[in-house]
Amino acid sequence: MAAPTTPAEIGGIGHSVQRKEDARLIEGQGNFLDDIDLPNTLHMAILRSPLAHARINGIDSEAATALDGVVAVVTGDLMDQHGLAWMPTLSGDTQAVLATDKVRYQGQEVAAVIATDPYIATDALELIEVDYEDLPPITTPQQSLEEGAPLIRDEKEGQTDNLAYTWEAGDQGATEEAFAKADRVVTLETHYPRSHPAPLETCGIVADVNSVTGQATIYMTSQAPHAHRTLFAMVAGLPEQNIRIVSPDIGGGFGNKVPIYPGYVVATAASLLIGQPVKWVESRTENLISTGFARDYYMKGELAVTDEGRILGLRVNMLSVQGAFYSDAQPTQFRAGLFHVVTGSYDFGAAHIDCKGAFTNKAPGGVAYRCSFRITEASYLIERLVQNAAYEVGIDPAEMRLRNFIQPEQFPYETATGFVYDSGDYPTALRTALDELCYEDLRREQAEARAEGRLIGIGIAHFTEAVGAGPSRTYDIAGLKMIDSAELRVHPTGKAILKLGVKTQGQGHETTFAQIVAEVLGIPATDIKVEHGDTDHTPYGLGTYASRSTPVGGAATAVVARKLADKSKKIAAHLLEAADEDIELASGVFSVAGSPDRSVTIQDVALAAYTNLPEGMEYGLEDVTYYDPPNLTYPYGSYIVVVEVDPDTGVWQVQRMVALDDCGVRINPMIVEGQICGGLTEGFAMSAMQWITFDEGGNCIGANFMDYLVPTAWETPRFELLATEVPSPHHPIGAKGVGESATVGSPAAFVNAVIDAVAHLGVRNIDMPVLPDRVWAAIEEAS
Amino acid sequence: MEVNITINGSDHASDVEPRTLLVDHIRRTVGLTGTHVGCDTTSCGACTVLMDGKPVKACTVLAAQADGSEVTTVEGLKGADGLHPVQQAFTDDHGLQCGFCTPGMMLVGASLIAENPDPSDDDVRWAISGNLCRCTGYINIVKAIRTAAARVAESSIGS
Ligand code: FES
Ligand code: FES
């Protein structure tokens, strides 16, 4: 790790500065969505479909409307009168706001009650009678794409089957050639199950539309407030200057708070029609059954390899389960997200991916759950395949990876699917992690244990991520280019305010972004206030997800700080009566080259910016930058997990977990490590216990925290963290982003470890979550 | 119905609907919003408060059941001489990210330390196993609670 260049009092890059946001949060003074209490607020509750697929023959809301305290019952018909029964999705489909014709998944929004009290709103739901006519539910993409399957999207013009989209990438011809040359083909068919980000705070909104002025102030749990403002303007036809989105403190997002959900649209419409603020906060059940699921990919991967263990090519066929509406939150041109990264960390020439998306009677979503758009699925597939290929070829899984790695001197490296990786040293990363575990000794212990009938497994994953979307030439969401911004104002006393287009949900932007400015200008990080989340007070940006805050917003921050440094140097030259080009800036001190005793501080310069300027210069010390990244960034890591599997029960325990991450330059190592520990826990969760599944009737299993198991402190393994630091060559401060690496990389390491424990029996796959009964069954079947 | 609850040392007498949950009473009637709600099945612990010194999930206690008791919420943790050791340790050890679980975690931590001045890693993990965190992976929460315990023990030897 490079040593910090600023002293601790300034707290620039590389210092584990204590977080500024903590002060309010540890005293219960955070301001989360549900804490917002405007005068005359009404409360909304949503009636949801108990059935997965049914025609609505009628809705009787008379009794609900008559209940004391109920102000209105909103149905799809009412929304339809205002042209709002349907809304566009982020993937170019349409989605029902309140159902008018059919319900297409369990939990779909059917009606909403607006009442003076949240308890009354919920009471009234019970009084609404809906006349449903059962239709056959479809829960798998295999059923969905069968000839003659019932049509889910019968309202959609031109839609004659349940196919949502098709997508392919790579070169099919070159891939066929590579496979023809292979000594063997290693195949893995696996399901990456449906999961849910389940941030501890659910989603919510307080819509406050003033019917006289037309001003709409919308408080919402939003990871992307600016994009949401524009989408609200487009969908609801409200003039954008009258819309102010305020995203307050957010209790975790992980992708769940990227889309616009029907509840937001209904609450906003209700506030507009009634003329009072309307609040809606999801219950946990609503959160889990209706908003923002992730994953749900059926993947078949084939790897062409030689007997020496060289990878020649990769072929992938996938079925993506879309739910009833295609509403993946992802860049427009990327129908299966950034799945291209499936070639992983390996140097081979040919790959081809073919993907079909299928409508089912399940909740829509496809959010990137702590993941940069389908990277998690891709990374999981290649790391599982490479591990299995090692078994088939008969070499060690670590050696298999070392033989195929892209070498440090090959960067920038163009993959077979067209991504250009920026930088890395994969062999050093993997070897460092292996050494930490004394890998060879461990393999010996594994063999000894096996001889005693004990099952030890060692699982490796060496992932490469593609984050920081993205360059405007290729990346947009709903037409909006995925740039981001920073505005910096230095006040006369030398204190500063930094305003961001991105928005923290716990990542610590108020601390780390101040550190970037501290690094460049030498203003202590504690003297810099960071503002974000309020669209009236911050410059435009596409928000925080896909690990894009540091790669894009962080770059904008460094660039705007450098612009101010340039102006500051001119002011310093004027104060010091020296030539502009002779001024040097280090840790907030401007000195004249060759005579270091002639100096002024950034605070002197800040005052001069408003009081004493060189001839012809404009007053003030502030600027704004919109940053368009030249490329994505490619963080990577080597994760190794050691497990012991109980052969009698299938229960597995993590013995050790070593995680080496290279995310380029680390702005605040303490915060980076915190992000990694959180991400590893979510990776463990997906591999071990966390999934949303459905019965044949389309009933969601996993609708609350008793069925959807998220790990507690008791189950969560202990992690040992390591780091290397290869900077991104194109990022202004060399940072790559880190928030999602561990969730992306770790599931394969955990699953590979369990497989490794039973691989000698011939087991090559157990689907996630790797539940004890699945392990037990795999052992039984193999032996 | 009339309930009298002492919250963070001040008496709150109010007329509530019998079905009112303690967490809603604290948040909406009394206006202390540091206590959070994260689930509807008593699973997450975001709503944890201390009732007569013991942690309870305030989403599963009726305000009526708390009648006559002393309740401590996160807003009541800080003493006359500054932050509670648990609060200080949470920020020192980076025991919070989004901060949504933090009030509940800190209150469980404070009550654990009051009972067990030297909790082991497993003791802490067991104590907070009714509280979910989606951000931190718990490691720094456990560390913070143990740091706080060590500081309390040290200062009581010193005094
Ligand atoms: S709100 Fe989840 S346990 Fe009380
Ligand atoms: S810090 Fe976010 S849930 Fe614990």
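The values are calculated or read from the model by the stated rules, or taken from the named source; none is laboratory data. A quick note: this is a predicted structure, and the numbers were derived from the prediction, not measured. Note that each Cβ is placed from the backbone with ideal geometry, even for glycine, and that neighbours are counted across all protein chains shown. Remember, those area values only see protein heavy atoms, side chains included, never the ligands or the DNA or RNA. Shrake-Rupley method; radii C 1.70, N 1.55, O 1.52, S 1.80 Å.
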Check your understanding: Residue check: is B:E17 away from ligand 1 (no atom under 14 Å from the Cβ), of a type in the set (D, E), at the interface with chain A (Cβ under 9 Å from one of its Cβ atoms) and open to solvent by 50 Å² or more (accessible area, probe 1.4 Å)?
Key -> yes
Review point. Considering A:Q81, A:Q18, A:Q29, which residue is of a type in the set (S, T, N, Q), open to solvent by 70 Å² or more (accessible area, probe 1.4 Å) and away from chain B (no Cβ under 14 Å)?
Key: A:Q81
Point to revise | Residues satisfying the stated conditions in region B:56-67, i.e. within 13 Å of ligand 1 (Cβ to nearest atom) and touching a residue at least 60 places away in the same chain (Cβ under 8 Å) | key: B:K57
Practice item. Any chance you could count how many residues in region B:82-98 are on the phi > 0 side of the Ramachandran plot and either within 14 Å of the chain's Cα centre (by Cα) or in a loop (DSSP other than H, G, I, E, B) (or both)? Key: 1
Check your understanding: Looking only at region A:623-643, which residues are buried (at least 18 other Cβ atoms within 10 Å of the Cβ) and among the charged types (D, E, K, R)?
Key -> A:D623
Study note, to complete from the structure: Of the residues in region A:280-295 that are away from ligand 1 (no atom under 16 Å from the Cβ) and open to solvent by less than 20 Å² (accessible area, probe 1.4 Å), the one that is farthest from A:A85 (Cα to Cα) is A:R295
Point to revise | Test: A:A111 is open to solvent by 10 Å² or more (accessible area, probe 1.4 Å), part of a strand (DSSP E or B) and modelled with pLDDT of 95 or more | key: no
Check your understanding: What's the number of the condition B:T6 fails, among (1) within 16 Å of ligand 2 (Cβ to nearest atom); (2) surrounded by fewer than 19 Cβ atoms within 10 Å (Cβ to Cβ)?
Key -> (1)
Exercise for review: From B:D123, B:D52, grab the single residue that is more than 9 Å from chain A (Cβ to nearest Cβ), open to solvent by 10 Å² or more (accessible area, probe 1.4 Å) and either within 16 Å of ligand 1 (Cβ to nearest atom) or touching a strand residue (DSSP E or B) at 6+ places or on another chain (Cβ under 8 Å) (or both).
Suggested key: B:D52
**Study point:** For A:G698: the one exception among (1) away from chain B (no Cβ under 14 Å); (2) part of a loop (DSSP other than H, G, I, E, B); (3) open to solvent by 20 Å² or more (accessible area, probe 1.4 Å)
**Key:** (3)
Point to revise | Selection count, region B:37-49, where residues are facing chain A (nearest Cβ under 8 Å) and open to solvent by less than 10 Å² (accessible area, probe 1.4 Å) | key: 3
Point to revise | Test for A:Y132: is it among the aromatic types (F, W, Y) and either within 16 Å of ligand 2 (Cβ to nearest atom) or open to solvent by 30 Å² or more (accessible area, probe 1.4 Å) (or both) | key: yes
Point to revise | Verdict on B:T60 being open to solvent by less than 30 Å² (accessible area, probe 1.4 Å) and either in the same structural domain as B:A114 (by TED's automatic domain parsing) or hydroxyl-bearing (S, T, Y) (or both) | key: no
Review point. In the list B:I141, B:I113, which residue meets the criterion of being within 12 Å of chain A (Cβ to nearest Cβ), outside any loop (DSSP other than H, G, I, E, B) and either among the basic types (K, R) or touching a residue at least 24 places away in the same chain (Cβ under 8 Å) (or both)?
Key: B:I141
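Per-residue answers, yes or no, for (1) assigned to a strand (DSSP E or B); (2) of a type outside the set (D, E); (3) surrounded by fewer than 17 Cβ atoms within 10 Å (Cβ to Cβ); (4) at pLDDT below 95:
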| site | (1), (2), (3), (4) |
| --- | --- |
| A:E440 | no, no, yes, no |
| A:E445 | no, no, yes, no |
| A:G457 | yes, yes, no, no |
| A:G470 | no, yes, no, yes |
| A:K503 | no, yes, no, no |
| A:V517 | no, yes, no, no |
Practice item. Can you tell me which residue within region A:260-303, out of those that are within 14 Å of chain B (Cβ to nearest Cβ) and among the β-branched types (V, I, T), is farthest from A:G344 (Cα to Cα)? Key: A:V281
Practice item. Report yes if some residue within region A:79-102 is outside any loop (DSSP other than H, G, I, E, B), out of contact with any strand residue (DSSP E or B) (no Cβ under 6 Å at 6 or more places or on another chain) and free of Cβ contacts under 8 Å to residues at least 40 places away in the same chain; otherwise report no. Key: yes
Check your understanding: Within region A:676-696, can one find any residue that is of a type outside the set (A, V, I, L, M, F, W, C) and in contact with an Asp or Glu (Cβ under 7 Å, 6 or more places away or on another chain)?
Key -> yes
